[in-house]
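The values are calculated or read from the model by the stated rules, or taken from the named source; none is laboratory data. Since we're looking at a predicted model, the values are computed, not measured. Counting neighbours? That spans all protein chains shown, and the Cβs are built from the backbone with ideal geometry, glycine included.
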Amino acid sequence: MDDLLTLNNLLALLTLTVLEIVLGIDNIVFVAILTGRLPKDKQPRARSLGLGMALLTRILLLLAINWVIHLTRPLFTILTRDFSGRDLVLIGGGLFLLAKSTYEIRDTLAEARKGSDVRKPVQSVAAAIVQIGLLDIIFSLDSVITAVGMAEEVIVMIAAIVIAMVIMLIFSGPVSKFIEKNPPIKMLALSFLILIGVTLMAEGLGTHVSKGYIYFAMGFSLGVEVLNLRWNKKRQQAETERASKLADQPGDELEQKDE
């Protein structure tokens, strides 16, 4: 036990936990979008099961680390480009994200045109969990490979992933409610998932794209949209106050005439 509680392991645990949370942002957004199609009473259970499945997947991949390492070995070559199992998984995951995000954007726009607040639910909670589980494999693979490169002890990697997943589970509910209450934020989140899908495909095709650029762009866009939402809220309040004052004026004039 004392061998694990070293300064290097503690620093690795802290760094890896923060990194896992950052890498899990796309996972939280995807879970929020997908569970938003479920009845409200089933959404918390679906989020918990989805993130719990992600945690289990990452732990299993860590325990099978030798198999994960083998995924980076070339399987075949196309036009001088070697493709590994990891590349195929990333390309498949990127295509899945692109298709799913495009489908959600189309449905969201269709609902806006109809002027209806009724959401079209997925077939069942099980269907949502299966879709979350499929993408969890992609996100978990990236997460586990990052963990292996930053820590030497498997127990440190597992501890970091568990801590990060608990934090994500705590914040997944508020994030989901915020996205669903603000349609512009939902569209922004779907655009973010499209960017992640393109990034996964680029990684699978051999072009490294730092997620830092995408997270910065997303954070900047989110900041601008939050300011826009606050400005619209204040403008609506000002218009309401102005309308209230105008409604009170005729009454005041009548009172003056009576006097």
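Go through the residues of region 58-65 one by one and say whether even a single one is under 25 Å from the mean Cα position of the chain (by Cα), within 13 Å of residue 135 (Cα to Cα) and either among the charged types (D, E, K, R) or modelled with pLDDT of 80 or more (or both). Yes, there is a match, as at least one residue in region 58-65 is under 25 Å from the mean Cα position of the chain (by Cα), within 13 Å of residue 135 (Cα to Cα) and either among the charged types (D, E, K, R) or modelled with pLDDT of 80 or more (or both).
The residue pairs whose first member lies in region 186-197 and is farther than 14 Å from residue 226 by Cβ, whose second member is of a type in the set (S, T, N, Q) and surrounded by 21 or more Cβ atoms within 10 Å (Cβ to Cβ), and whose beta carbons are closer than 9 Å, counting only pairs six or more residues apart or on different chains, are 190/101; 191/101; 192/101; 193/101; 194/101; 196/101; 197/101. Please indicate, with yes or no, whether at least one residue in region 230-241 is surrounded by 15 or more Cβ atoms within 10 Å (Cβ to Cβ) and either at pLDDT 80 or above or touching a His at 6+ places or on another chain (Cβ under 9 Å) (or both). Within region 230-241 (the criterion being surrounded by 15 or more Cβ atoms within 10 Å (Cβ to Cβ) and either at pLDDT 80 or above or touching a His at 6+ places or on another chain (Cβ under 9 Å) (or both)), the answer is no, since none of the residues qualifies.
Within region 16-34, identify whether any single residue is surrounded by 21 or more Cβ atoms within 10 Å (Cβ to Cβ), over 24 Å from residue 201 (Cβ atoms) and modelled with pLDDT under 80, and answer yes or no. Checking region 16-34: at least one residue is surrounded by 21 or more Cβ atoms within 10 Å (Cβ to Cβ), over 24 Å from residue 201 (Cβ atoms) and modelled with pLDDT under 80.
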